[in-house]
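The values are calculated or read from the model by the stated rules, or taken from the named source; none is laboratory data. Note that the coordinates shown come from a computational prediction; the quantities given were computed from them, not determined experimentally. Every residue, glycine as well, gets a Cβ built from its backbone with ideal geometry; the counts of neighbours run over all protein chains shown. Side chains included, ligands, DNA and RNA excluded: accessible areas come from the protein's heavy atoms. Shrake-Rupley method; radii C 1.70, N 1.55, O 1.52, S 1.80 Å.
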Protein chains: 2
Amino acid sequence: MDTNLTGGAGTYDVSAFDRPSVAVDVAAITARGDRLHILLVRRGVWPFEGRWALPGGFVKMDEDLDTAAHRELCEETGVAGASYLEQLYTFGAPNRDPRTRVISVAYYALLPGPDSALRREGRAMVACEPEAGTDAAEARWWPVDSLPPLAFDHNAIVATALSRLRAKLGYTSVAYALLPEEFTLTELQRVYEVILAQELDKRNFRKKMLAAGILDTVPRQKREGAHRPAQLYRFTKREAVFLDD
Amino acid sequence: MDTNLTGGAGTYDVSAFDRPSVAVDVAAITARGDRLHILLVRRGVWPFEGRWALPGGFVKMDEDLDTAAHRELCEETGVAGASYLEQLYTFGAPNRDPRTRVISVAYYALLPGPDSALRREGRAMVACEPEAGTDAAEARWWPVDSLPPLAFDHNAIVATALSRLRAKLGYTSVAYALLPEEFTLTELQRVYEVILAQELDKRNFRKKMLAAGILDTVPRQKREGAHRPAQLYRFTKREAVFLDD
DNA sequence: AGTAGTATGTGTGTAATGGACACTAACTTG
DNA sequence: CAAGTTAGTGTCCATTACACACATACTACT
């Protein structure tokens, strides 16, 4: 292998450089009940042994970063098939890891809540229930408003993920990723309320959503409980599209 | 050194992993004349010898990523004191570099244009004129709408930088970083027009900017050419603040 | 001194958007 | 059939976004 390496135009001998380790960490987010939750694993080894941390691990030499994020999420928590995964930010402070230099490419993932119709109907099942993976002592969903102190700089990563999600909610249709394929407008509204942490007006919300042209009516209703049944909708595209076009 | 490394909770022996190299690449942007320009260096070595590339290079073991970005920009192009520097995205496709696995943390930097009052007044001088650095054969500003094919995936990095800049222009005051300390409203408008690549209405633009409350009037005018002199302004804060508060 | 040239600077009217706000409809359960 | 519960709907008002045209203040030339 040629060891003449540079990102720019010069010449270096690779052996002259110690290389940092490169990891991915994933903030997997879901909405259950009326709070957002984050998936954490409990560390079994030093450093931060016993502390909770985001699932994550080292990137393999021939592996794409996105692939590594999916893989680590699955390996450490048993959660597969995140409906949305986006790179968030790369955290690289020299001492963020007490062992050695570790540069972490952080991702956030969105998963439909546990009450999802997908799950109830038992088809196209997505694995959302965590189970401790090969590397993790324990895996659990934690409500974001009462997180324990996390290992490394993971509290900062979570904060970044939440603020990014809040921002994207405003100008894209990412919300699809937190909902089952079919849902009622009330369920959609709750997702918005949970993320934004504020109540929204029902009439204005419905007006805006329907006007955005990202929803299709499905010819079916959801009847549940002693009240009027609700119309079901689905997103026209199961991907994050920009609104306002 | 302890070699028990994991981003999550498990146990690995570092020696079992080949580590990728980690680089930073910087898309330095400025507005000169009526076009945006990007600072490129010409590569002197394989691969992509002779091709133009973004300035960049490897991150040192005990160096912050932001620091590395500043350093590489300066070392390779002689351009110091970027008024804004922000991490953009991390590019990590396994074969983006033909030599070995290189993960690149991309940044974009903004610099005031060459007509800056700072430069004309000769104080607080910022080095904006490129000169080939130790590692670069040649360094030059290129208009973004007629870039040559770049080395590696650098065309994609530039595209990402431009779209991020366009987006941020809409909800922050980043424009400050492309202007000298004092400027006229017309100069400010041109910066917007150049970035958005469309003409704006003068009256609406001025109304909006003044209403945003991010500008201070300076008790001085700019007289230049055979026409009415223009009021000078400065940004209340020389940092990117969110509008609409 | 006056005139031509050039970029600065200013206000109004109209359309679109965002937000507040209260009642009827349709179902289930007892 | 009555009580309980959630679904579903429309108007008014305030703010914002956008289109649009002319007087002002200087320089340079004759």
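Just subtract the alpha-carbon distance of B:ARG228 and B:THR172 from 0.36 nm times their residue separation and send over the number in nm, one decimal.
Working: separation 56, 0.36 × 56 = 20.16 nm, distance 3.03 nm.
Net length gain for the segment: 17.1 nm.
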Subject >> GluC sites (Glu not before Pro) restricted to DSSP loop in region B:26-108 with at most 14 other C-beta within 10 Å >> reply: B:GLU49
Original post:
Label-to-label distances across copies for B:LEU210, with labels 7 Å out along Cα→Cβ, in nm, shortest first?
Top reply: 4.3
Original post:
How big is the accessible area of A:GLU181 in square angstrom, nearest 10, if you roll a 1.4 angstrom probe over the protein chains?
Top reply: 70
Original post:
Which distances, in nm and shortest first, link the B:GLU138 label point to the same label point in every other copy, taking 7 Å along Cα→Cβ?
Top reply: 6.3
Original post:
For A:LYS222, which lysines qualify as cross-link partners when the Cα separation must be under 30 Å and same-chain residues fewer than eight apart are set aside?
Top reply: A:LYS168, A:LYS202, A:LYS207, A:LYS208, A:LYS237
**OP:** Would you pull out the residues with amide H under 5 Å of B:ARG32's amide H, same chain only if 5 or more places away, H placed 1.01 Å from N?
**Re:** B:HIS37
**OP:** Please list A:ASP62, B:ASP145 in order of solvent-accessible area, largest first, computed with a 1.4 Å probe with all protein chains present.
**Re:** A:ASP62, B:ASP145
Subject >> Pseudo-label separations to other copies for A:ASP34 - Cα-to-Cβ vector, 7 Å, nm >> reply: 5.7
Subject >> Translational diffusion coefficient (Stokes-Einstein; Kirkwood radius from C-alpha pairs) of region B:172-235 at 10 °C, 1.306 mPa s, in µm²/s >> reply: 129
Subject >> Per-residue average of Cβ from other chains inside 10 Å of B:33-46 >> reply: 2
**OP:** Please report how far the C-alpha centroid of region A:194-221 lies from that of region B:32-79, rounded to the nearest whole angstrom.
**Re:** 46
